[in-house]
Amino acid sequence: MNQNANAPARDSNQDRIAFIGGGNMAGAIIGGLIRQGLSPLQVEVVEPFAQSREKLKVQFGVLAKEFAGPALARANVVIWAVKPQTFKEAAAQAGAFTGSALHLSVAAGIRSSSIAQWLGTQRIVRSMPNTPALVGKGMTALYARPAVTEADRRRIEQIISTTGDSLWVTDEQYLDAVTALSGSGPAYVFFFIEAMTKAGIEMGLSSDQARKLSIGTFVGASELARASDDPPEILRERVTSRGGTTHAAITSMEHDQLAALFGKALHAARKRATELGDEFGA
């Protein structure tokens, strides 16, 4: 896990970062970099949608353009924050200007070999972030191609630290598992919060009460798990007194094989991540 979450971003007039794609993940990283000292004048975004460009300009004061152009050649880091199905087209437009840069992809599924082929460079780090990056609590897995130097790795860690924690994987295939686990994971948490809130309302609580209790429980349990050296099954057992209320709930879930069904869902997500690479890759 990245231990440099509070390290400031480099603030050099020669340090320029370009974003291809200006959606939520790009916005999270841009906001973090600016909060850590990077000037908005050192950031350039290529974003085809006018509404997204205007939002970035107003929110961060960065330069946002509709099309890729020669100005991208000034960037020493290029962050690809595009949808998997549009990556190849975006690379065809911008790749001619970014050959000397270090590249970071946050696009799901697209393998680094495809990116290297499209861009004509091997200095590529592929990542799998998740949406809590929007509030600085993200979890990002990183994979570097062999041509990426230690200095490059540190630079990527420095950038990602603006959105939360990170870890490196040694084999790119593990990123499909990461996608299933943490990349899609926030949706699973929201799913359970939704279910708990609905059940709370059915049992007579107000909507606000049920929502606050459900969210607070996830936040508190997550922080307890983070702070503890004990595995989650031990933490669960400490809350589960035989014959008590928690035991009744856990027994019901075990009877319905919820853990097996949940595992099946994660395997489906990993399978889809692999399919994205096959479908939209080189």
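If the Kirkwood radius is taken over C-alpha pairs of segment 39-119, then at 20 °C and 1.002 mPa s the Stokes-Einstein diffusion coefficient equals 163 µm²/s.
Spatially, segment 139-164 and segment 84-102 are offset by 19 Å when compared through their Cα centroids.
Between amide H atoms placed 1.01 Å from N, distances below 5 Å from Ile79 occur with Ala18, Phe19, Ile20, Leu104, all of them 5 or more places distant or on a separate chain. The phi-based Karplus calculation (6.51 cos²θ - 1.76 cosθ + 1.60; θ = phi - 60°) puts the 3J(HN,Hα) values of segment 273-282 at 4, 5, 5, 4, x, 5, 6, 10, x, 5 Hz, whole numbers, x for Gly and Pro.
The computed Rg and Dmax of the Cα atoms in Å for the structure shown corresponds, within (i) 17.7, 52; (ii) 21.4, 73; (iii) 21.1, 69, to (iii). Using the structure shown, select from Lys137/Lys212; Lys57/Lys83; Lys83/Lys212; Lys198/Lys271; Lys55/Lys83 the pairs with a Cα to Cα distance greater than 26 angstrom. Checking Cα-Cα distances, Lys83/Lys212; Lys198/Lys271 exceed 26 Å. How many percent of all Cα-Cα pairs in segment 17-178 sit more than 27 Å apart? Percent of Cα pairs beyond 27 Å in segment 17-178: 14.
Looking at the chain as a GNM with Cα springs under 10 Å, which of Ile34, Ile110, Ile193 has the largest mean-square fluctuation? Of the options given, Ile193 has the highest mean-square fluctuation. Between Arg153 and Lys264, the contour length at 0.36 nm per residue exceeds the Cα-Cα span by 36.6 nm.
Taking Glu54, Glu172, Glu223 in turn, the Gaussian network model of the chain (Cα-Cα springs below 10 Å) assigns the largest fluctuation to Glu223.
Over all Cα atoms in segment 185-277, the spread is summed up by Rg and Dmax: 15.5, 48 Å. For the chain, the mean residue ellipticity at 222 nm estimated from helices alone is -15000 deg cm²/dmol, where every DSSP H run of n ≥ 4 contributes -39500 (n - 2.57) and the total is divided by all residues, rounded to the nearest 500. With θ taken as phi - 60° and the Karplus curve 6.51 cos²θ - 1.76 cosθ + 1.60 applied, the whole-hertz 3J(HN,Hα) list for segment 116-131 is 4, 5, 5, 9, x, 8, 9, 7, 10, 10, 9, 9, 10, x, 9, 5 Hz, x standing for glycine and proline. Directionally averaged projected area (segment 48-88, Cα convex hull): 3.5 nm².
In the chain, the DSSP beta bridges split such that about 15 percent are antiparallel, to the nearest 5. Residue-wise HN-Hα couplings along segment 175-186, as the Karplus relation 6.51 cos²θ - 1.76 cosθ + 1.60 with θ = phi - 60° gives them from phi, are 5, 5, 5, 4, 4, 5, 7, 9, x, 8, x, x Hz; Gly and Pro carry x. Across Gly200, Gly243, Gly21, mean-square fluctuation computed from a Gaussian network of the chain (C-alpha pairs under 10 Å connected) peaks at Gly243. Residues whose amide H comes within less than 5 Å of that of Ser166, counting only those at least five positions distant or on another chain, are Asn2, Thr140 (H built at 1.01 Å from N in the peptide plane).
FYI, it's all coordinate maths here, none of it is from the lab. Computed from a prediction, not measured in an experiment: that's the story for all the values here.
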